[in-house]
1. Send over the Kirkwood Rh of region 125-201, from the inverse of the averaged 1/r over different Cα pairs, rounded to one decimal Å.
2. What would the Debye formula give as log10 I(q)/I(0) at q = 0.18, 0.19, 0.21, 0.22 Å⁻¹ for the alpha-carbon point model of region 82-155, no solvent?
3. Among V80, V15, V184, which one moves the most in a GNM of the chain with springs linking Cα atoms closer than 10 Å?
4. Of the residues A182, A20, A144, which exhibits the maximal mean-square fluctuation in a Gaussian network model of the chain defined by a 10 Å Cα contact cut-off?
5. Run a plain Debye calculation on region 31-170 (Cα atoms as equal point scatterers, no solvent) and give log10 I(q)/I(0) at q = 0.11 Å⁻¹, rounded to two decimals, same order as the q list.
6. Taking the Cα centre of region 160-249 as the origin, how large is its charge dipole in debye, to the nearest 20, when only Lys and Arg (+1) and Asp and Glu (-1) carry charge on their Cβ atoms?
7. Using a 1.4 Å probe, how large is the accessible area of R235, given in Å² and rounded to the nearest 10?
8. If you roll a 1.4 angstrom probe over the protein chains with everything in place, what fraction of the accessible area of the chain belongs to carbon and sulfur, to the nearest %?
Amino acid sequence: MANWRDTGFGGVVMVAWALATVPLTVLGILLAVPVLGRQRAFFTVGPMFARGMAWFCHIPYTLHGWEQMPDAIREGRQSVIFMSNHESQMDPPILVAALPLPAVYIAKKELKYVPFIGWAGWAAGVIFIDRGDRERARRSILEAAQQIRDGKNVVIFPEGTRSHTGQMLPFKKGGFALAQDAGVPIVPMATVGGHQVLPPGSLKIRPGRYTLLMGQPVHPADHPDREALVQEVRRRIEELVAQAHETAC
């Protein structure tokens, strides 16, 4: 049964199935909002869709390191910012499927008005950043920091975009400013497998395995400045990516 997924026809079928089920999933989320509330609706229906997509497209995934997280994080008493490398458009749904607790993404404000994507983001509580000018962007960061202090967990790809080679790009500093303003730990992560499953520039989904590793939290207050924080988180993510590749072999 898995063989058909390796063919060109199988790749087309998997993409068509994913695209067709997205509107249905968003509709299901919106219908559940009056009953469950926005975020509970998203994090009830959304992970079910992501796990169903992983199953249908034969993309098994494993998450390592969660069991070593401090109890306050695992029990949801301490909000965090998860920071991961970024290989593929498949990374966000796999993380939605794999993370054991609700965590939202940060997105540019314009996506808020895109049909289906924006609606799902509204339900999830995605933090939309206004990048129109420096001052509005700064206010958006301050508002986002308050939401994180209030208990919201966030996923950030500090590269800012997908790597086309599998090698990590330079890190942007906005996520680190957010962590410092919010005063919450950064959990470094490796998300490995997307470069083979859905390479940048390709529309063909390929069967393949995802390996996700979490490292111990990094506390912004333990570092003298933002640059030192960036370098430490990058070093840890690089180590986790190397470990993930070894685990996947």
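The values are calculated or read from the model by the stated rules, or taken from the named source; none is laboratory data. For clarity, every value in this text was computed on a predicted model and none was experimentally measured. As a convention, Cβ positions derive from the backbone with ideal geometry for all residues, glycine included, and neighbour counts pool all protein chains shown. Remember, those area values only see protein heavy atoms, side chains included, never the ligands or the DNA or RNA. Shrake-Rupley method; radii C 1.70, N 1.55, O 1.52, S 1.80 Å.
1. Kirkwood radius, region 125-201: 14.1 Å.
2. -0.79, -0.88, -1.05, -1.13
3. V15
4. A20
5. Debye output, listed in q order: -0.45.
6. Magnitude of the dipole: close to 500 debye.
7. Here the residue's solvent-accessible area equals roughly 100 Å².
8. Ligands and nucleic acids excluded, carbon and sulfur give 58 percent.
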